Amino acid sequence: MPEPHPAAPAAAIADPRPSGPPDLRGVACTACGRVAFPAQDLGCERCGADGAALRPAALAGTGTVAAAAVVRRHDGPGIDAPFTALAIVLDDGPFVHALLDGDGGPAPGTRVEAVAAGTDGDGAIVEVRFAVSGDAAGGAA
Amino acid sequence: MKLRDMRPVYVIGIGLHRYRPLSDVPYVRLGLTAVRAALADAGIAWRDVQGAYTGATRLGMAVSRPMLRHLGATGIPMTQVENASASGSSAFRLACMEVAAGVSDVVLAMGVDKPAPVKRAESLAGLPSLAGGHIVPFTKYALLADEYMTRYGASPADIAAVAVKNHRNGARNPFAHRQKERTPEEVLGDRPIAGHLTRLQCCPVGEGAAAVIVASAEAVERLGVDRARCVRVTASAQRSEELYGPKSFDAELTRETTAAALADAGVAPSGVDVVELHDAFSIEELQYVEAMGLCGEGEAAGRLRAGEFDIGGRCAVSPSGGLLAMGHPVGPTGVGQVAEVTRQLRGEAGDRQQPGARTGIAHMVGVGAVCIVHVLEGPAPQGEAR
Ligand SMILES: [Zn+2]
């Protein structure tokens, strides 16, 4: 029996750069200026503008940890615990939940950067995690 | 228009089926137990009820009539209500609106549910995320706990203290899923789930049912309902999430929805005697009592430690045991809160009675995200004018 809501194929969410962390595929609203993740053309969450008013925006894959939690158990299929969940304020503004590339729980204020964790057949990045970045001691933006 | 400016609405009957782990008892039997108890509590008959709203989330389509027909098929309107964790709160709000508007005089609001797999519509929006299915409610609240601890210097024991209090209250509630007192050591030392949250700081999701009957003043008179046991619903507020940036949207939603409800009721936060709130995870209570204005930002842990939110304290928070101990069967939860607040405001809560309780609030948030707050006011003590 077919699934009533078949799962969509994994969408590309980030693009590699020649050096440094990949850019995240976000959206910028030309009507109100809101910048958000992920990319979408359904309508701006702040002002409701849609269509051509919404432009793809490359968001820097860098940010600051707002909170971290080591997850000890998870009932979801295909998800193994433990893993570390992060709340991150991206340098370009959006607030996102993501997974840590690594163990433990980085303290709030820790600098993190995106790493490609999975690509599709065409090399597009479909899974991103965040790793503690080299400038861990420095400038929480 | 404010509910208070419409026809007065009173809770006249409450009934529950105990919240408990999943059993093979059909939902119909759970629901009927609660409804029959509510009818008996009000002292009215099923034929007096003119409409029914049923909160349920995992029972499938059209839950009401296969259950309610066993009370006698009277042909009344029956409507299923789904609003995630706030489904029962929405059922209650719709019942209140129907009476306040003068469409009906006596309406049943109930919730019934049993655990089953559920799909969240947001996952069908066609939008990717960075963490996907890894972020479930307890993960989100574990992150909020980490952020709260960092901001206010709170300790894991401060957060666990919410669970200790609510398990103590639940131990006195015969309808609670968890009826066992727990020490701080037991709560902190229990199985870790996510971040600092242990199993005993996460609500049990089982089965159960709750029912509340609301009525107009005319119906109270006509049906001969005991006025001294009628609890007036003085405000109903419901909001959905706006854009709050990195702030906890549950806390922000709670802040604005509670403020709207208290303003409509003409009550200050300091005038609230009893609160039933959405403590699905221990950290939520600390955030919400602050967001509700029951204490200042960052003060909740200290006030809790001082006993201000205990039964007998300044304001009893989750005297039922809350979601943490009474449980969270989802569909019934919001209705069960109204039942507890009603019991408290009638002075019928026995050994978990908040002394002198006159004003209470029931608060739920639901994924999506929505927030619903009701304000209830108890009958005036003997000899005092309403
Ligand atoms: Zn916009």
## Note on the structure
In vacuo Debye sum over C-alpha of the range A:26-120, base-10 log of normalised intensity I(q)/I(0) at q = 0.24, 0.25 Å⁻¹, listed in q order, is -1.12, -1.16
### Query
So for B:Leu124, B:Leu323, fewest C-beta neighbours within 10 Å to most, what's the order?
B:Leu124, B:Leu323
#### Entry: GNM result for chain A, Cα springs below 10 Å: residue of A:Arg46, A:Arg111, A:Arg25 fluctuating most strongly
A:Arg46
### Query
Taking a 27 Å limit on the Cα-Cα distance, which of the listed pairs B:Lys114/B:Lys140; B:Lys2/B:Lys247; B:Lys2/B:Lys165; B:Lys119/B:Lys140 fall beyond it?
B:Lys2/B:Lys247; B:Lys2/B:Lys165
### Message
Name the residue from B:Ala125, B:Gln80, B:Leu262 whose Cα lies farthest towards the positive end of the charge dipole of the protein assembly as shown, charges +1 on Cβ of Lys and Arg and -1 on Cβ of Asp and Glu.
### Response
B:Gln80
### Task
Using Cα centres only, tell me the gap between the range A:68-141 and the range B:32-53 in whole Å.
52 Å
### Whole-Å distance, taken between Cα centres, linking the range B:2-24 and the range B:171-227
13 Å
### Message
Please arrange B:Ser123, B:Ser318, A:Ser133, B:Ser282 by how many other C-beta atoms lie within 10 Å of their C-beta, fewest to most.
### Response
B:Ser123, A:Ser133, B:Ser318, B:Ser282
### Ranked B:Met1, B:Met149, B:Met67, B:Met364, criterion: other C-beta atoms within 10 Å, fewest first
B:Met1, B:Met149, B:Met67, B:Met364
### Task
Answer with one residue from A:Ala28, A:Val126, A:Ala81: the one whose Cα lies farthest towards the positive end of the charge dipole of the range A:14-129, charges on Cβ with Lys, Arg +1 and Asp, Glu -1.
A:Ala28
### Task
Mind jotting down the distance between the C-alpha centroids of the range B:233-261 and the range B:277-311, whole Å?
16 Å
### Task
Compute the convex hull volume of the Cα atoms of the range B:202-351, divide it by the residue count, and report the result per residue in Å³ as a whole number.
134 Å³
### Summary
With only helices counted (DSSP H, runs n ≥ 4, each -39500 (n - 2.57)), the per-residue ellipticity at 222 nm for the protein assembly as shown, to the nearest 500, works out to -7500 deg cm²/dmol
## Note on the structure
Over all viewing directions the Cα convex hull of chain B casts an average projected area in nm² of 18.1 nm²
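How high is the relative contact order of chain A? Use alpha-carbon pairs under 8 Å, at least six apart in sequence, and give a whole percent.
On the way: 312 pairs, mean separation 30.9, N = 141.
Reported relative contact order: 22 percent.
Hey, got the average number of other protein chain Cβ atoms within 10 angstrom for residues in A:59-69? Could the numbers behind the result be given before it?
On the way: counts 0, 0, 0, 0, 0, 1, 4, 7, 13, 6, 16.
Whole-number average of other-chain Cβ neighbours for A:59-69 is 4.
With charges only on Cβ, +1 for K and R and -1 for D and E, what is the dipole size of the protein assembly as shown about its Cα centre, in debye, rounded to 20? Write down the numbers at each step before the final one.
On the way: 49 positive and 58 negative charges, 342 e Å.
Dipole size: approximately 1640 debye.
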### Message
Using the crude model of +1 on Lys and Arg Cβ and -1 on Asp and Glu Cβ, and no other charge, please compute the dipole size for the range A:14-129 relative to its Cα centre, in debye to 20.
### Response
340 debye
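Please say if the range B:178-264 is rounded, prolate or oblate, where rounded means a/c under 1.5 for a ≥ b ≥ c the square roots of the C-alpha gyration tensor eigenvalues, and otherwise the choice is prolate for a/b larger than b/c and oblate otherwise?
Working: a/c = 3.26, a/b = 1.50, b/c = 2.18.
It comes out oblate by the Cα gyration axes.
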## Note on the structure
If one compares the long axis through the Cα atoms of helix B:249-265 with the longest principal axis of the Cα atoms of chain B, the angle in degrees, nearest 10, works out at 40 degrees
### Task
Only Lys, Arg, Asp and Glu count, each charged at its Cβ (+1, +1, -1, -1), so figure out the dipole size of chain B about its Cα centre, rounded to 20 debye.
960 debye
### Query
Which GluC sites (Glu not before Pro) from the range B:301-386 combine a DSSP loop assignment with at most 10 other Cβ atoms within 10 Å?
B:Glu384
## Note on the structure
By the C-alpha gyration tensor axes a ≥ b ≥ c (rounded if a/c is under 1.5, else prolate when a/b exceeds b/c, else oblate), the shape of the range B:281-324 is oblate
## Note on the structure
Honestly the protein assembly as shown on the Cα gyration tensor test (a ≥ b ≥ c root eigenvalues; a/c under 1.5 rounded, otherwise a/b vs b/c for prolate or oblate) is just prolate
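Bear in mind that the values in this text are calculations on the coordinates, not laboratory data. Quick caveat, the model's predicted, so the values are computed rather than measured. Note that we place each Cβ from the backbone using ideal geometry, even for glycine, and neighbour counts take in every protein chain shown.
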